[in-house]
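The values are calculated or read from the model by the stated rules, or taken from the named source; none is laboratory data. In this text the structure is predicted, and so the values were computed from the model without any measurement. Cβ: placed from backbone, ideal geometry, glycine included. Neighbour counts: every protein chain shown. The area values use the complete protein model at the heavy-atom level, side chains included, leaving out ligands, DNA and RNA. Shrake-Rupley method; radii C 1.70, N 1.55, O 1.52, S 1.80 Å.
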Amino acid sequence: MLTELSAVELAAKLRSREVSATEVAQAQLNRIAELDANLGAFLHVSPENVLEEAANAQKLLDSGEGGALTGVPIALKDNMCTLGLPTTCASKILENYIPPYDATVVGRLREQGLVLLGKTNMDEFAMGGSTEKSAYRSCHNPWDLTCAPGGSSGGSAVAVAGSLAPLSLGSDTGGSIRQPASLCGIVGFKPTYGRVSRYGLVAFSSSLDQIGPFGRSVEDVAAISDVISGYDHHDSTSLPNAGMDNSGLKDGTLKGKRFALPKELFGSGIEPGVLSVIHETIDLLKKEGVEFTEVSVPSIAQAVTIYYIIAPAEASSNLARFDGVRYGPRIEGDGHIGSAAKTRGELFGHEVKARIMIGTYALSAGYFDAYYLRAQQVRAVMAQDFEKIFAEFDAVFSPTSPAVAFKLGALDSDPMALKMLDLCTIPANMGGFPAISLNAGLSGGLPVGLQLMGPVMGDENLLQLAYSVERAMPAATVRPRL
Amino acid sequence: MAISFDEVQHVARLARLELSNSELLIFQSELNALLGHFSDLNEIDVTGILPKPHAVSMHNVWADDIAEVGLTREYALRNAPRSRAGLFVVPTIIEE
Amino acid sequence: MFCRCEVAFGGEPNTRVCPVCLGLPGALPVPNKKAIEFVLRTALALNCKIAMRSVFHRKNYFYPDLPKGFQVSQYGETNPLGYHGFLDVPNAEGGIKRIGIRRIHLEEDTGKLMHLPSGGSGVDYNRAGVPLMEVVTDFPPDINTPDEAREYMVQLRQILLYLGVCDGKMEEGSMRCEPNISIRLEGAEELGTKTELKNLNSFRSVQLGIQFETRRQIAVLESGGKVAQETRGWNDATETSFAMRLKESENDYRYFEDPDLIPMEFTEEYIESLRATLPELPLAKYRRYMADYGMTTKEAGVLTGDKHWAGFFEQGVALGADPKLFSNWMNSELAKYLNETGQVIHADLADDHHALSKITPNHLLGLIVLIQDGTISGKTAKDIFREMLVSGDQASGILAKSNLTQISDDEQIKAWCKEVIQNNPDPVAKYKSGVINVIGFLVGQVMKQSQGRANAQLVQELMKAELENA
């Protein structure tokens, strides 16, 4: 079945003319039509556009100008600007917004002839860990439709986990790619900060946001990473040697590799079911020759706190542009101040407003030093702590999420619990480190993700390790039954 | 450090968010819960540590002074809720 | 500043915009290197300390002309590109007053809010994102009178033009002045509440505005009232200020380092290389001209008023011209002609209304050389000059084509002298009787005969000789 093939397999079949780009695209469109009403992965799909792009991709293939993934469909989180296609960030304040420009990443995909399948569901403005904060529709975990898929890139994760798309892109600010990958049993990768351009990614927290891929295999994720990474002169935070080359993906070995286990990520905050699966994986990997060493990173205890100061602070500023003047609906109020306040008050969801409030507070006079500045100092300590670990170890190994997929609505009354789900993933964003989540197995029938984190610019090595780990784990490629 | 109702109102004003009284009360309690959690911020010693506002350590990222064509006016105004005579129409400016 | 949209004055609204300066979701800033260099050079020229490590901050507030809901600027005491400098300004008594410069920082401009004829307001974002260099004078203020404020602005503008970082056109908004004015009660230590004055479009407005504001504040205090801390607009037509909005002391800008912008770090070598590009500044040049060329304050002032004028002069001197002669010709004939025709002497000054003059320092030098070696007379020189302005030909060329050479032929002049003596018996008799001045008239007659071409000095000599023999 076309929709079960990996991106790399599809690309090969497309190149060998075994299938056409239109067939591949149509297969995905059919599956979306069949299943997405219950999954809620997509916010916008425009079949005419998709088929047009498939036809164009076919031209590239026919003329021999195709690249590694030409003709392969890909879904994009709805916070990436797509010229001519809606980009709402799952918010009412951007209802019907159609960007007049493509994000750099989108440009790269188009250039390579990938087929943009549609825009996926997410927590509003990427603020959340369950995609329950989408202002448009609910999003359901393919492993159990009554469960959340995680967030904020839930839609992109579900699209890949449910085989609605072989590849998708999400964004990760405190775990928003890795955590839903973990809850949906697929691979989710957050590259080193600065390796994928943020130009055209609607900003949530500028110093933490990074675009990254979802796939059903490390090989797929590595292949798309080569396409989307690269220096962009439109993004000041883009690294000069950003482009990735994962051609050596399969050349690695696990023998003699040293993984650090931060004890703070193996403690009481982690569900026993998750720990059990992770420990099994550790045993498995030890047999492959990996050396595990327990380390202690005390700053991890502050991870959630500093994340919930820094990210909202930056977001409160990034979201100030939504005032109903240049884009989005406007609700008229008393003069320009009243209109802006009414528009924002009514069209931002509750979670977004809460984060704007805490962010504004943390930056305000009298509190700046105690909260924002101090959080950035703790961030520095955390980054330093991990850099020291990377000097001695090949990777940091831990669960991706302290919990498996939870029932939709289960955490409504405990917002703190929802925030604590980011514990394992936040440090990577704080230091700009690359990190990847793979499926380690099931606990109670639901996927458990394991996370590997590497040093800055160590993406290719990390993916190589991830590939080897994936090969050693039979559970990695288990699929949900839909 | 608890946040008072007045402070919550002030923050909402700074952030240009029109909120009902009941919303303000909800936010007050949510913010207080968060702030309570933030007390662990002081558990770590940060003497002499420079803040880290960026994930990358680079300096001097600049562009040359070469003009490029941007958006046509049509594209610029396309998503505007209201426009007229090539301008973005805004509600009356009432000075604070 | 952070996008690559063209900067220009005027034009149709919203035609020089892009995702970045419109503040579209997802857009990101990349700073303009040249703008940074302009500010650094200005900071060096104004004797500032340079922040070897400098960052941008976000100043967060809401206004329809502010597309991102924050303005990228620079906060802090020692973070702005330049800080703790000064500008020495001539004072009324002929000395100088040092005006302290607290900071010079880089930020971006906002869009322009306009009232629509049918009511309501509209925004044009063409101007949003244009680089702004803000020069802030020290506090407590060194500027104490409207005249001092004006003089400071004049000197500052001159330096900016010399540096080539700004065209100083207040009427086009490329240079703005926003004075903060307060009154201090006699004998009191504390300064009064300050108001900020905006919309001053000329030096004259700056002076009048400060004067008006001062009087207004005094009147308020004298009537028992309190000066409100506010921003006031200036109405040039009525020459009065009006309340605009309460100064947002309530507004908490929540400055924090912009996470989308990378810190700037400068090496000593880089700063010194910029310092090397600084031209000789107006005050130094002015003093040098007086010392080296013996010029008067007026002459030196006129020559250094505009850097291109001084440049023209210096080129001429470098080519070997006599400084005094050259500057005289510049400040009289050349200046007069340029004024009449609207022409300018440097490409930088040329535009649709001001054509570039054909006269180069070389042209003027060529003319002066001909005067100095006696080939032409002063009067002839003026004729040639007028021709030069129109044709752009060199003086020697014009001379060759005409018959304007100075006549220094002894025989010819002697002949004319004899003729004049013959035709003017009475003056000759007067001369012989001891009225020596009459020779002037007789020489004049020879000059007339020669159509001004005779070498006046030679005529004088030969006339004297002929009169002896007459």
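Some notes on this structure:
- Hits in region A:73-111 - residues which are more than 14 Å from chain B (Cβ to nearest Cβ), open to solvent by 10 Å² or more (accessible area, probe 1.4 Å) and either of a type in the set (Lys, Arg) or touching a Leu at 6+ places or on another chain (Cβ under 6 Å) (or both): A:Arg108, A:Arg110
- Residue in region C:447-457 that is open to solvent by less than 70 Å² (accessible area, probe 1.4 Å) and within 27 Å of C:Leu338 (Cα to Cα) present: yes
- Restricting attention to region B:1-18, the residues that are of a type in the set (Gly, Ala, Ser) and away from chain A (no Cβ under 11 Å) add up to 2.
- For region C:36-54, the candidate set comprises residues that are open to solvent by 10 Å² or more (accessible area, probe 1.4 Å) and within 13 Å of chain B (Cβ to nearest Cβ); within that set, the residue that is farthest from C:Val89 (Cα to Cα) is C:Arg53.
- Selected residue [more than 30 Å from C:Gly26 (Cα to Cα), among the small types (Gly, Ala, Ser) and modelled with pLDDT of 95 or more] from C:Ala243, C:Ala276: C:Ala276
Condition check ((1) open to solvent by 10 Å² or more (accessible area, probe 1.4 Å); (2) under 25 Å from A:Gly107 (Cα atoms); (3) free of Cβ contacts under 8 Å to residues at least 24 places away in the same chain; (4) within 14 Å of another protein chain (Cβ to nearest Cβ)) across all residues:
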{"position": "A:Asp144", "(1), (2), (3), (4)": "yes, no, no, no"}
{"position": "A:Gly174", "(1), (2), (3), (4)": "no, no, no, yes"}
{"position": "A:Leu183", "(1), (2), (3), (4)": "no, no, no, no"}
{"position": "A:Ile186", "(1), (2), (3), (4)": "no, no, no, no"}
{"position": "A:Pro191", "(1), (2), (3), (4)": "no, yes, no, yes"}
{"position": "A:Arg195", "(1), (2), (3), (4)": "no, yes, no, yes"}
{"position": "A:Ile211", "(1), (2), (3), (4)": "no, yes, no, yes"}
{"position": "A:Arg216", "(1), (2), (3), (4)": "yes, yes, no, no"}
{"position": "A:Glu219", "(1), (2), (3), (4)": "yes, yes, no, no"}
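- Of all residues in region A:368-388, those satisfying the criterion of being more than 7 Å from chain B (Cβ to nearest Cβ) and surrounded by fewer than 21 Cβ atoms within 10 Å (Cβ to Cβ) are A:Phe368, A:Asp369, A:Ala370, A:Gln384, A:Asp385, A:Glu387, A:Lys388.
- Inter-residue pairs, beta-carbon under 8 Å, first closer than 13 Å to A:Arg258 by Cβ and in region A:450-461, second open to solvent by less than 50 Å² (accessible area, probe 1.4 Å) and part of a helix (DSSP H, G or I), 6+ apart: A:Leu452/A:Leu462; A:Leu452/A:Leu465; A:Leu452/A:Ala466; A:Leu452/A:Val469; A:Gly454/A:Phe390; A:Gly454/A:Leu462; A:Gly454/A:Leu465; A:Pro455/A:Phe390
- Enumeration of residues in region A:229-261 that are among the β-branched types (Val, Ile, Thr) and more than 30 Å from C:Val30 (Cα to Cα): A:Thr253
- Cβ pairs under 9 Å, 6+ apart, first in region B:39-51 and over 22 Å from C:Pro263 (Cβ atoms), second in a loop (DSSP other than H, G, I, E, B) and open to solvent by 50 Å² or more (accessible area, probe 1.4 Å): B:Ser39/B:Met1
- Of the residues making up region C:2-17, those that are crowded, with 23+ Cβ neighbours inside 10 Å and either hydrophobic (A, V, I, L, M, F, W, C) or not in a loop (DSSP other than H, G, I, E, B) (or both) are C:Phe2, C:Cys3, C:Cys5, C:Val17.
- Elements of type helices (runs of 4 or more DSSP H) in region C:367-470, at least 3 residues being charged (D, E, K, R): C:378-391, C:410-423, C:425-432, C:456-469
- Test: residue in region B:19-33 that is in contact (Cβ under 8 Å) with a residue 24 or more places away in the chain and more than 7 Å from every other protein chain (Cβ to nearest Cβ): yes
- Selection within region A:99-123: residues that are among the hydrophobic types (A, V, I, L, M, F, W, C) and in contact with a Phe, Trp or Tyr (Cβ under 9 Å, 6 or more places away or on another chain). The member of this set that is farthest from A:Val196 (Cα to Cα) is A:Leu117.
- If only residues of region A:340-357 that are more than 24 Å from B:Asn32 (Cβ to Cβ) and in contact with a Lys or Arg (Cβ under 6 Å, 6 or more places away or on another chain) are counted, the one that is nearest to the other protein chains (Cβ to nearest Cβ) is A:Ala340.
- Among the numbered conditions (1) more than 21 Å from A:Ala466 (Cβ to Cβ); (2) open to solvent by less than 10 Å² (accessible area, probe 1.4 Å); (3) in contact with a Gly (Cβ under 8 Å, 6 or more places away or on another chain); (4) not polar (S, T, N, Q), the only one that A:Ala203 does not meet is (2).
- Unique residue being open to solvent by less than 30 Å² (accessible area, probe 1.4 Å) and more than 7 Å from chain C (Cβ to nearest Cβ) when the list is B:Ala80, B:Ala63: B:Ala80
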